[in-house]
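Notes follow the structure.
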Amino acid sequence: MTAILEVERLTKTFDGLTAVDQISFEVGAGEICGFIGPNGAGKTTTMRICATLELPDEGDVRIGGHSVLEEPRYARHRTGFMPDHFGAYPSTTVEEYIDFFARAQGLRGAKRLSAVGDVTEFTGLSPLLGKAVSGLSKGMRQRLCLAKTLLHDPKLLILDEPASGLDPRARVELRELVVALAELGKAVLISSHILTELSEICTSVAVIELGRIKAHGNLKDIRARLSGAGRAFLRCMESPEQVERAMAELPGIQQLVREQGGVSFDYGGGDEILAGIVTRLVTGGLRPVEVRQESADLEDVFLELTEGQVQ
Ligand SMILES: Nc1ncnc2c1ncn2[C@@H]1O[C@H](COP(=O)(O)OP(=O)(O)OP(=O)(O)O)[C@@H](O)[C@H]1O
């Protein structure tokens, strides 16, 4: 994986309060990293430093290998930052708003027209070009902000609570846009308090509390590290009762429950261990038709890692 965003031992204090404390993590091309933490954990501060809107006291951020401290202009050209709040003159139309930012990005002539056309089409705003920004719903305003963020085709997207205040349909639509952007190879760092939503789209998470990173990586790995266990579902040609009896004789199986015509259980480890369990069951005469590792629950991971402390 090519790291597009590298956060290196970043520290930021405000009047003696350490908002961000020696944090490090990476986000690669095509990766969606969920940045989660309680209120005041340091998410926005970190994102603002990555977007060159704030200077760190210590540490650095590299975007495409270039330091935001040494080459802030390079970083800005490759980064699209969507803040949690944005302002717009109410009488401005959607087209004027996007066009203004396209000019600010230095796009001229045909290039500007094509960039404005591309981002409005991608975000579904093309039919609303003449509409006043003041008349847009919250979901459409978020799309407008995302469209503005994409104008210069950045490699890295930093999205601070983009789904906040959106209704369920608008959230699903925003999620689809984020996934489409990652599929285009963009690195995405996205914060949200709606964890179920993030768990559906994130390929990795960074959990932060009191300015410190509590865990970073693939959700399944973090869960396995925390509890030392993975969870799986198994259905065989034989009855769930027979499967349960066979599994009772195997070591390391916990929390075995019958469900959906099969059994769910915790096992002590990773893929090797699960493969070993299935092999032993097959040797014992069972005929598996479905083996599924259950996805880790982001909410459980979050609650296990954080203590809800604020400063
Ligand atoms: N400009 C500032 N001046 C003083 N303190 C600040 C400033 N910006 C942030 N802080 C403090 O730094 C800490 C981290 O704030 P930050 O906004 O980064 O957290 P967050 O994780 O984004 O929180 P939330 O989820 O509530 O948005 C908080 O204690 C906050 O009060």
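Things to note:
- Residue match in region 189-200 (condition: away from the ligand (no atom under 16 Å from the Cβ) and either of a type outside the set (Asp, Glu) or modelled with pLDDT of 90 or more (or both)): yes
- When residues of region 222-262 are limited to those that are surrounded by 17 or more Cβ atoms within 10 Å (Cβ to Cβ) and basic (Lys, Arg), the one nearest to Ile273 (Cα to Cα): Arg231
- Pairs with Cβ under 9 Å, 6+ apart, first in region 179-203 and closer than 26 Å to Leu303 by Cβ, second within 16 Å of the ligand (Cβ to nearest atom) and basic (Lys, Arg): Ser191/Lys43
- Residue list for region 5-55, restricted to those being open to solvent by 10 Å² or more (accessible area, probe 1.4 Å) and away from the ligand (no atom under 15 Å from the Cβ): Glu6, Glu8, Arg9, Ser24, Glu26, Ala29, Gly30, Glu31, Thr52
- Count of residues meeting criterion [small (Gly, Ala, Ser) and touching a residue at least 40 places away in the same chain (Cβ under 8 Å)] in region 145-175: 2
- Looking only at region 141-172, and only at residues there that are under 18 Å from Glu200 (Cα atoms) and surrounded by fewer than 17 Cβ atoms within 10 Å (Cβ to Cβ), the one that is modelled with the highest pLDDT: Val172
- Wholly within region 205-311, strands (runs of 3 or more DSSP E) carrying at least 3 residues that are within 20 Å of the chain's Cα centre (by Cα): 212-217
- Within the span defined as region 67-80, one or more residues are away from the ligand (no atom under 15 Å from the Cβ), without any contact (Cβ under 8 Å) to a residue 40 or more places away in the chain, open to solvent by less than 30 Å² (accessible area, probe 1.4 Å) and touching an Asp or Glu at 6+ places or on another chain (Cβ under 9 Å).
- Selection status of Leu129, farther than 28 Å from Thr52 by Cβ and either outside the structural domain of Thr52 (by the TED database) or hydrophobic (A, V, I, L, M, F, W, C) (or both): yes
The values are calculated or read from the model by the stated rules, or taken from the named source; none is laboratory data. No experiment lies behind these values; they were computed from the predicted model shown. Because the Cβ atoms are built from the backbone with ideal geometry, glycine has one as well, and the counts that use them run over all protein chains shown. Each accessible area value is taken on the protein alone, full model and side chains, heavy atoms only, with ligands, DNA and RNA left out. Shrake-Rupley method; radii C 1.70, N 1.55, O 1.52, S 1.80 Å.
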